[in-house]
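Q: Supplied in structure tokens, the structure appears directly below.
The values are calculated or read from the model by the stated rules, or taken from the named source; none is laboratory data. Since we're looking at a predicted model, the values are computed, not measured. Glycine also receives a Cβ, built like all others from the backbone with ideal geometry; neighbour counts cover every protein chain displayed. For the accessible areas, the whole protein counts, side chains as well, though only heavy atoms, and no ligand, DNA or RNA atoms are used. Shrake-Rupley method; radii C 1.70, N 1.55, O 1.52, S 1.80 Å.
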Amino acid sequence: MYLYGRASSKHNTMICRTVNVGSKIYFDGNNFIRVLQVLWHPYSDTHLGILSSDSVFRLFDLSSDVIQPEQEYYLQPVEPGRCSNATSICPVDFSFGGDHLWDRFTVFILFSDGSVYILCPVVPFGSIYRWESVMEIYSDAHAFGLKSSNPTAVGNSNLAISWLEATFPELVDQALEGADLSSVRARPYALFDASLYLQGPLKKACQGEDEDGSFGGAECEGRAVSFLYNVVSKDSIMVTAWSGGQLQVDALADEIQPIWNVGSPPRLRVDSYDQILGLAMICESIQSNHSIVKFDQPLENTVWLGHPPPLLRLAIVDLALPIKGESGSLITMFVDPLMPERIYALHDGGIDSIVLHFLPFTSQIGGKNDTMKTPSVHPVLSTCQGEVSSPSPLYGFVSLSDSFGYSWIVGVTISQECFVLEMKTWDLLLPIHVDTVSRPIHMEELKEREMPDIISKELLSGPKVVLAPQTSPNLRSVSADSIEGRSTLHQYFKLFHENYVEYAHKVHFELMYHGPHLKRIIDEQHARLGEAEQKLLRVEGINSKLKERIDHVIKQHGVLEERLKRLQNLPGAHKKPLSRAEREFKSELDQFRGVELDALRSSITALTARLRKHMPSPEGNESKLQTLISGRKNYVQDSQISQLKSSLEKLSLVNTENTKKVKLVETALINTENTKKVKLFETALKDRESSR
């Protein structure tokens, strides 16, 4: 129905133009094909997915052709002639995947026996996707598929990579040019020699040897009636509704990967330029007997090998619906647009809200080691009149939200009336915090904690929602003065008084009763506000002192940097370290200084004393000299004196050499001491800077 293309307007009534989608398929009098489910594709504004009773999933592009489908997938969950149960080949519902890896290219199909099959990849021609999402899938196929040691994984990943590069040519162009893109558009493409496999049925992942890995239909009663897929953070959640009133909640335990049936070519419809306009293919199930998937299997045994992803059972929720006939209850499910953990279920008894408190992968990534918590069920609206249900007064409902964080439920009753319920989401997922380490509680604080709430939760939740009693369709023509009109008005007034007038009286009483308590709380808040202001003033005073200290430290830092620069300019600071030969010579000089120099000094003093003994005094020298001249000359004494003179000359030479060596040693020691002092000063400066 085109709201903008109205044809005419009569008596304030807008007449809109309507068209039949797939009129030759679904509205032909010769066949009896029923439409089971119709959904808009989440990544296209013009594509509509339709699942029909002939086990065919069709995708229509309403912008180009509303009569002929763009894509057709003929579903064959079992081999012809091998069907042991008719419910295993009857589709019931389907859902498109969400924003997670290959899930965005996946269609989930539910059959009446509870088995779930998947088709991947299914992409509308011209649909738009985020570039980061497509690039993530492309990189994943290269990292875990092409580098695998298993040839099956390499072959499956090669097909996926070729399909991605043909559907999104920007992947190859971006790798060559390095362009920065925000979104990409899917091009019409299909593998010419392969069709999609119908993967499934999805089975439970086993934790022990006793589990058989079934798809879980035995735990619920009746037949499967509806299906819901939802992405919550890192988890892909699947909910299956059964006619017995149970909801089966599962999570995908592994990632979805595309699988093609090579050798089964699809049927393509092309134009004069060989551009693909449409396609049709037969999707057969995988007939190989796969082993049961377990959690302890390594990654190489599951990735890109063609195994359908296993399921992790989260919960079985029993809605406790009233007893009904053999057909059972029809349950329709929707997701809260603001809080994806909440699911609305519309059934014969009214509307229920189911909140999931455990998400396996989201909790694991967030670092929470929470145990598996059961979902909570909150009745939103009840239409039951007793144990045996009457015809439901609700045709259907939809959940709405706005950008301010408000959520509503809009429903339509059988009497052509509309009701709106505002839903609250802020308090459903708040964790309960228990303070295990706390200070002792005094009696006054205990009394304050035992004070009642300002307003009870019952009043905050508002008056109970009660629908008007069922009336005849001719009520609008009944006069208010008649007996039927008066009884109906009496019922309405009674309901109004029981719910809204009594609720107003309760609110008035509670507000009057809690007046003094509110005044005390306000006074306490004012006192705490005064204390906070005083603390702020003290902080401002401390802040000024801290600024002064920081300025002083900055000045000291500048002074130390200048001193360091001056010390670096000293000649001793830039001297090279001694070589190996110089260090050996220095060690020899140290040994010579400590031992041989003292021995030389002692020998010099001894020789000096001996020389003084041999040298006579000036007074006796003349007489002795005369006696020596006049007397005989002793040849032996002359030879001794000559030897003594030569030894003294040698000793003086040795002494001068030793003096030079001592000076060299002293200069070397002074240089080493200066170097050590400079290094110590530099380390002290570095320590001050690091401590500051």
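Q: Filter 586/650; 203/324; 565/679; 576/661; 576/676 down to the pairs with a C-alpha to C-alpha distance above 20 Å, please. Write out the running numbers ahead of the final one.
A: On the way: 586/650 26 Å; 203/324 30 Å; 565/679 13 Å; 576/661 22 Å; 576/676 13 Å.
Violating the 20 Å limit, Cα to Cα: 586/650; 203/324; 576/661.
Q: Let me ask something else. For the stretch 308-349, what ratio Rg/Rh do Cα atoms give with a Kirkwood hydrodynamic radius?
A: My calculation of the ratio gives 1.06.
Q: Residues of the stretch 520-561: accessible area per residue at 1.4 Å, in Å²?
A: 90 Å²
Q: Quick one: pull the percent of accessible area on the stretch 29-138 belonging to carbon and sulfur, 1.4 Å probe, ligands and nucleic acids left out.
A: 52 percent
Q: Another question, if that's okay. Roughly what would the spin-label model give for residue 3 and residue 398, points 7 Å off Cα along C-beta, in nm?
A: Here the answer is 0.8 nm between the modelled labels.
Q: I've got another one for you. Ranked from highest to lowest mean number of other Cβ atoms within 10 Å per residue, what is the order of the peptides 662-674, 92-104, 127-139?
A: Those peptides, ordered most packed to least, come out 92-104, 127-139, 662-674.
Q: Between residue 63 and residue 219, what length comes free when the chain is fully extended (0.36 nm per residue of separation minus the Cα-Cα distance, one decimal in nm)?
A: Going from the current span to full extension adds 51.8 nm.
Q: Please calculate how many Å² of accessible area the stretch 69-173 carries per residue, with a 1.4 Å probe and no DNA, RNA or ligand atoms counted.
A: With all protein chains present, the stretch 69-173 gives 35 Å² per residue.
Q: Relative to the present Cα-Cα distance, how much length would full extension add between residue 687 and residue 19 at 0.36 nm per residue of separation?
A: 232.2 nm
Q: For residue 277 and residue 539, compute 0.36 nm times the residue count separating them, minus their Cα-Cα distance, and round to one decimal in nm.
A: So the chain would gain 87.1 nm between residue 277 and residue 539.
Q: Tell me the carbon and sulfur percent of the accessible area for the stretch 504-571, rounded to whole percent, probe radius 1.4 Å.
A: Its accessible area is 62 percent carbon and sulfur atoms.
Q: Note down the relative contact order for the stretch 240-281 as a percent, whole number, built from C-alpha pairs under 8 angstrom at least six residues apart.
A: That works out to 23 percent.
Q: Further question on the same structure: Measuring with a 1.4 Å probe in the full set of protein chains, what accessible area per residue, in whole Å², belongs to the stretch 5-60?
A: Here the residues of the stretch 5-60 average 62 Å² of exposed surface.
Q: What FRET efficiency would be calculated for the residue pair residue 502, residue 420, taking the C-beta separation as r and a Förster radius of 22 Å, to the nearest 0.05?
A: Numbers: r = 23 Å, r/R0 = 1.02.
Efficiency at R0 = 22 Å is approximately 0.45.
Q: Can you give the FRET efficiency to the nearest 0.05 for residue 654 and residue 554, using r as the Cβ-Cβ distance and R₀ = 60 Å?
A: Efficiency, from the Cβ-Cβ distance: 0.45.
Q: Take residue 607 and residue 33, extend 7 Å from each Cα along the Cα→Cβ direction, and tell me the distance between the two endpoints in nm.
A: Label at residue 607, label at residue 33, 13.0 nm between them.
Q: Right, something else. For the stretch 238-274, list residues with backbone N below 19 Å from a point placed 7 Å from the Cα of residue 318 toward its Cβ?
A: 240-250
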